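Bear in mind that the values in this text are calculations on the coordinates, not laboratory data. These numbers were taken from a predicted model, which means no experiment stands behind them. Using ideal geometry, Cβ is built from the backbone for each residue, glycine included, and neighbour counts are taken over all protein chains shown.
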Amino acid sequence: MLELNNLHARVVPEDGPAREILKGLSLSVPAGEVHAVMGPNGAGKSTLSYVLTGKHGYEVTGGTATLDGADLLGMEPEARAAKGLFLSFQYPMEIAGVPVMTFVRAAMNAQRKTRGEPEVSAPDFLKLSKIAAAKLRIDPDMLKRPLNVGFSGGEKKRLEIYQMLMIEPRFMILDETDSGLDIDALKVVAEGVNALRGPGRGMLVITHYQRLLDHIKPDRVHILSAGRIVKSGGPELALALEKSGYDSVLKDA
C-alpha cells in the first residue's frame, strides 16, 4: 500500500538555508495494517507527514514514495488527497468564516470531482454527518461554527477525526493526535479512528507516547532517529520505549 524507499527530504525556509531532515527513510505499510512511528524530538516525524502530503516548503531530494503503486511525489497535494491520503494535523488550523460542515462537504465534493464521482447530496451529507458526530460525541452546534475557531485542543482533534470519518480515506496519517487530549477525549478519538480500520485501508500513527497505542493497537512499531528508521518491531517495542526511554533503544540500534 504505502511504500517508501530511501526517501531524502529537506525543509526549505523562506529565510535561511535549507536543512536535510529525512536521510534515507524506508518503510512499508501493507493494506489493512496500522504502523506507529515513534522517535525523539527532531527525528523527522512531522516532516515525514508533510513530505507525504505535499506541504509547501519541503523538498524531496531523493528516493520514492508510492501509494497503491502510484507515485505520490509526482502529484499535487489535492491529487494526493483524492488518491485517498489523509493527514490529521498536530496543530489544526483555524478558518474564520467557514462553518465546519461547509468546509467538509466542499472537501468531499472536490475529491469526488477529481475522481470522476458524483457529488454528495445535501440530505446524504447530513445523514453521514449525524452518524460521525454521534460516534465522536460532537455537539451538532459545533459543526455550524467556523472551523476550529475558539475550539479547545480536544475539540479540534475530534473535528480532525470527524473529517476523517466523513471523507473515508484509503490511507491515514495521524500526527500526534493524542496531543492536548484528556483521557476521556483520547478514548473517544481512538474509537473513531478504530472505526476506519479494515483490510482496504492503512494507517501511520505518529506519536511520542504509549498511551495512544493502548487504544489504537499497532501491527508494527518503527523508531525514527536522525531521519531514518533505525529499529522496527511489534507492539512490544513501544512498551520497551515507555520503560527505558529512547537512549537505550537508540544505543542498541
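Here the sum of -39500 (n - 2.57) over DSSP H runs of 4 or more residues, divided by the residues of the chain, equals -11500 deg cm²/dmol at 222 nm, to the nearest 500. Need one word for the stretch 200-253: rounded, prolate or oblate. Basis is the Cα gyration tensor (sqrt eigenvalues a ≥ b ≥ c); a/c below 1.5 gives rounded, then a/b vs b/c decides. Oblate, since a/c reaches 1.5 and b/c is not below a/b.
Here the stretch 47-184 was treated as a single set of alpha-carbon atoms; its pair distances binned every 5 Å from 0 give 2, 9, 18, 21, 20, 15, 9, 4, 1, 0 percent. Each Cα pair under 8 Å and six or more residues apart adds its separation to the average, and for the stretch 2-252 the resulting relative contact order is 28 percent.
The Cβ shell under 12 Å around residue 26 holds other residues with a net charge of +1, Lys and Arg each +1, Asp and Glu each -1. Among the DSSP helices (H) of the chain, those spanning at least 18 angstrom by Cα along their long axis with an average Kyte-Doolittle hydropathy of -0.5 or more are 100-114, 122-135, 153-167; this is a geometric and hydropathy rule only.
The distance separating the Cα centre of the stretch 76-113 from that of the stretch 123-188 comes to 13 Å. Shape annotation for the stretch 153-253: C-alpha extents along the principal axes are 42, 30, 22 Å, from largest to smallest.
When the pairs 156/231; 45/130; 187/217; 113/157; 83/187 are compared against a 23 Å limit on Cα-Cα distance, 156/231; 45/130; 113/157; 83/187 fall above it. Within a straight-line Cα-Cα reach of under 18 Å, residue 127 can be paired with the following lysines, leaving aside sequence neighbours fewer than 8 residues apart in one chain: 135, 144.
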